[in-house]
Amino acid sequence: MNKIDEIVSADGRFRAEFVRRDDGTYGYIAFINTNNAASPAWKQDWRADSRFESHAIALFEAKGRLAWLKKEMDWPAKDHEPMAASQYTPGWIECPFCGLRSCLLDLEITGTVHS
């Protein structure tokens, strides 16, 4: 596996290394900066393992991955203890951190159907 390129996010918090694998495919490895932009300490994001036919596809996918990582790290509730969501209207709940509202009948939220 040979490193061929890398990109770093504008804020210096995320990095992706592009590699050409021995079998001729391309991929990227994502890293998170655990220190600061002036003195980075990169930690590999174990969730990012990829294999693509071309460098262009790997670049496209990596940009999406870095954007997702930024959203995840900026999520206001990520470091807080669990809190109960408030029910502002019968059958609906609201996240106390972001204000996102969800219907209790939504299968993607609850996983079950309530009658």
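The table for this structure:
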quantity: Flag if Ala48 is modelled with pLDDT under 80, surrounded by 10 or more Cβ atoms within 10 Å (Cβ to Cβ) and under 13 Å from Phe18 (Cα atoms); calculated: yes
quantity: Within the stretch 58-115, considering residues that are in a loop (DSSP other than H, G, I, E, B) and among the polar types (S, T, N, Q), the one modelled with the lowest pLDDT; calculated: Ser115
quantity: Any chance Ala30 is of a type in the set (A, V, I, L, M) and in contact with a Gly (Cβ under 9 Å, 6 or more places away or on another chain); calculated: no
quantity: Filtered residues of the stretch 1-38 (kept if open to solvent by less than 30 Å² (accessible area, probe 1.4 Å), of a type in the set (Val, Ile, Thr) and in a loop (DSSP other than H, G, I, E, B)); calculated: Thr25
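The values are calculated or read from the model by the stated rules, or taken from the named source; none is laboratory data. Here the structure is a predicted model, which is why all the values come from computation and not from measurement. So basically every Cβ, Gly included, is an ideal-geometry build from the backbone, and we count neighbours across all protein chains shown. The protein model used for the area step is the full one, side chains on, heavy atoms only, and it has no ligands, DNA or RNA in it. Shrake-Rupley method; radii C 1.70, N 1.55, O 1.52, S 1.80 Å.
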